[in-house]
Structure formats: structure tokens, C-alpha cells
């Protein structure tokens, strides 16, 4: 197998006029207006961002308007009256949290997978891993949303006050550990996947470290998810749930914030030029001539700062 030395030996002027792949009959290579599907990323990410923002706004309203003014979270259960416990203010907030939390997390993680798909489009194995992870994550959060909707929604003319006493509501507590464990595994997968891809790139070690640090922000989400697992265990075995559930809620908020921060925006990086040379993105060498059209195409979606130019 060739190590690409023949390509590197060619002057930039020759490379600039040599397509990476022979075009189909009737198609002009290195066209001034090449076909591009980059708009798909913008459309999908826009939809996901809108959905994620909508869910986040609903959660924010639920917590700040319904929960904080007269909520029970943060108090010992013996300081909460039964009337307050079964009040509509308390139960509606709980219901909204159960229904909208999982779709919010699912949309956020799916948007991260989609971003990885665009950034590492030249790595076949990475694309496969992203498709597998995105499919599993989406199916998991979709199934969890359905289960929580079923377990928490009163049926047959039932009242919200009876919701927490229904046998099926106890299902949510029984699956807590499994749900938290799977969510933690997905977070770790999202954290490790880009680091493995970057570690295999042929770029200077210093720049490789800087790129890893950028993706390493996702480590905070993994830490929060791990701590959430611990506190959920404590909350599971505690009768004083209004007191012990506070760390879980705080860490859940921190997880969403960390994942939103660790999701690099691609809107500003998508251009009309397709990435015709994915295998050469990180193999360019310093040149003395002005940046050519080919070199611009050879830029990887991670950014210009990681390419030796």
C-alpha cells in the first residue's frame, strides 16, 4: 500500500489541478460551482436546535415559575405537608419534567452525533461509529420518553394527585439505575469517539493536544453523569426524596449545559466547497506560495488552526 509519498512529492501547482477522484463521464472536475450537501447539516442542526431550545424553555418555565416559588425540592419531606405534596403546582411541574427532560437530552446528543458526522466525514470507521451511536441513543431516549409518558400520565379520568400513587408510577423508580447507566455510557461514548479520531490524525502533537482539549469539554458531562448515578442511588434508598433529589436535579442541569458547550458549531464552517481530499486534510506541509483553491478544499472541518499551512 502506498504511503502517499508520490503525492507529497508533487508541487502544489500540480496538486491544485489534480482531482482526488476521476469524475463520472460528463462531469467536470474541480468545478467553480461544485455540488454540495452541506446545507443538510445546517437544516438538521437548525431543527434540532429549535426542538432543544423549545424543550429547554419549557423546563426553565417549569422549574422557575412552578417549582421554585412554592416547590418542595430542597426541603425535608417532614417539612412538606401532604396538601402541598399532592398540589397541582407540584405534580404538574413533576409531570412536565418527566415528559420533556428526556427529549431534550436526546436532541442534544443527536445534534452532537450529527456534528461529528460532518467534522470527520473523511473517516469511514468514524462515520460507522457515529451512525451506530446516534441510532442507539435516539432509540433509547425515544423509548424512555414513551415509558415515562405511560407511567406518569393519568388515564381514564384520573387526577394528577393520584399519579404518584399509581403502581405503574413505581416503574420509573425501578428503571432509574438502568437508565442512568445507559445515559452515562452514551456520554462516555460521545467523549471518547472524537478523541480516538483526533489521536490518529497526522498533525503536530501540540496541535493535536489543543484539538483534544476542545473536544475534552465533554469530560465535564461524563463527570456530572457519574455523580448523578451516585446521587440517584442515594435518592433511590432514601425516604426523604425531596431532600436527596436536589443534587440529581442540579447535576442533570449541569449535564445539559456541558453537552451544549461541548457541541461545536458547524454553521460557520460549512462552505460551498466539498471536502475532495479527506485523506490529505492533515497531511499538508508548509508551502511558500499563496494559498491555492486545492489547499482551501483540503481544509478539514475542524478548522484552519490544526492544518500546517
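Tabulated values for the structure
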item	result
Some residue of the stretch 119-131 being touching a helix residue (DSSP H, G or I) at 6+ places or on another chain (Cβ under 7 Å), within 25 Å of residue 192 (Cβ to Cβ), surrounded by 14 or more Cβ atoms within 10 Å (Cβ to Cβ) and free of Cβ contacts under 8 Å to residues at least 12 places away in the same chain	yes
Within the stretch 221-262, considering residues that are farther than 24 Å from residue 98 by Cβ and modelled with pLDDT under 75, the one surrounded by the most Cβ atoms within 10 Å (Cβ to Cβ)	262
Residue 133 vs. criteria in the same structural domain as residue 52 (by TED's automatic domain parsing) and either in contact with a strand residue (DSSP E or B) (Cβ under 9 Å, 6 or more places away or on another chain) or under 23 Å from residue 47 (Cβ atoms) (or both)	yes
Long-range neighbours under 6 Å by Cβ, at least six apart or interchain, first residue assigned by TED's automatic domain parsing to the domain that holds residue 116 and touching a residue at least 24 places away in the same chain (Cβ under 8 Å) within the stretch 17-39, second surrounded by fewer than 12 Cβ atoms within 10 Å (Cβ to Cβ) and not in a loop (DSSP other than H, G, I, E, B)	none
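The values are calculated or read from the model by the stated rules, or taken from the named source; none is laboratory data. Here the structure is a predicted model, which means the values were calculated and not measured. As a convention, Cβ positions derive from the backbone with ideal geometry for all residues, glycine included, and neighbour counts pool all protein chains shown.
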